[in-house]
1. Scan (1) within 29 Å of Tyr118 (Cα to Cα); (2) in a helix (DSSP H, G or I) for the single condition Asn53 breaks and write down its number.
2. Give me the residue from the stretch 18-49 that is small (Gly, Ala, Ser) and within 17 Å of the chain's Cα centre (by Cα) and, out of that set, most open to solvent (accessible area, probe 1.4 Å).
3. Select from the stretch 84-103 the residues that are over 16 Å from Ile137 (Cβ atoms), modelled with pLDDT of 75 or more and open to solvent by 70 Å² or more (accessible area, probe 1.4 Å) and list them in ascending order.
4. Please state which of the following conditions Leu13 fails to meet, knowing it meets all the rest: (1) in a helix (DSSP H, G or I); (2) open to solvent by 40 Å² or more (accessible area, probe 1.4 Å); (3) under 20 Å from Ile128 (Cβ atoms).
5. Cβ contacts < 9 Å: first residue assigned to a loop (DSSP other than H, G, I, E, B), restricted to the stretch 25-50; second residue of a type in the set (D, E, K, R) and open to solvent by 30 Å² or more (accessible area, probe 1.4 Å), any location; separation 6+ or different chain. Result?
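The values are calculated or read from the model by the stated rules, or taken from the named source; none is laboratory data. From a predicted model like this one, the values you see are computed outputs, not experimental measurements. Cβ atoms come from the backbone with ideal geometry, glycine included; neighbour counts cover every protein chain shown. For accessibility, only protein heavy atoms count, side chains too; no ligands or nucleic acids. Shrake-Rupley method; radii C 1.70, N 1.55, O 1.52, S 1.80 Å.
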Amino acid sequence: MSQLPNIISGLRLLFIPIFILTFLDGSYLLALIIFVLMSISDAFDGMLARKLNAQSQFGAYLDAIADKLMILSAFLAMHLASLPYLDDTISVLFYSCLYRDLMLLVGAIITFKYSPHYRFKPLYISKINTVFQMILIIS
């Protein structure tokens with residue numbers, strides 16, 4: 001039971017290719033439903049980890065990686081589909097935030113490798129940033 005939050009994060013990773021293929025196939029409603037469910041699972045796995053007292057370093061990394069890959073895949077799918085409402089300004093803002101998050105993740109991985117007792121703890125502002133990115137994609 002203590003691995004359930006990690007399983008949910010792992011399933012989110014597995015649904016990313018399904019989301020991309022569905023979106024690029026033009027099944028936008030189904031892709032939207034998949035993305036919304038993945039977004040909900042992001043909140044659910046964190047809540048479940050806290051409730052079950054199953055928080056772990058691996059889970060923190062897995063969740064962060066799943067979030068970033070999910071959001072990146074959504075923007076890349078929209079870019080590949082050449083959607084007219086994906087404004088250049090929004091793309092620049094998104095990629096700036098994504099680059100920042102990826103650099104933080106790389107830094108955290110390097111820190112963990114050389115200092116395994118360091119406890120990775122995502123910043124609250126990063127969680128808010130992720131939520132707003134998900135809302136932007138859904139809208």
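1. (2)
2. First pass over the stretch 18-49, keeping only residues small (Gly, Ala, Ser): 26-27, 31, 39, 41, 43, 46, 49.
Going one step further and asking which of them are within 17 Å of the chain's Cα centre (by Cα), we end up with 31, 39, 41, 43, 46, 49.
Details: Ala31: 1, Ser39: 17, Ser41: 22, Ala43: 67, Gly46: 21, Ala49: 12 Å².
Taking the candidates together, the pick is Ala43.
3. Within the stretch 84-103, Tyr99, Arg100, Met103 meet the criteria.
4. The one condition Leu13 does not meet is (3).
5. Once the first residue is assigned to a loop (DSSP other than H, G, I, E, B) and sits in the stretch 25-50, no partner that is of a type in the set (D, E, K, R) and open to solvent by 30 Å² or more (accessible area, probe 1.4 Å) comes close enough.
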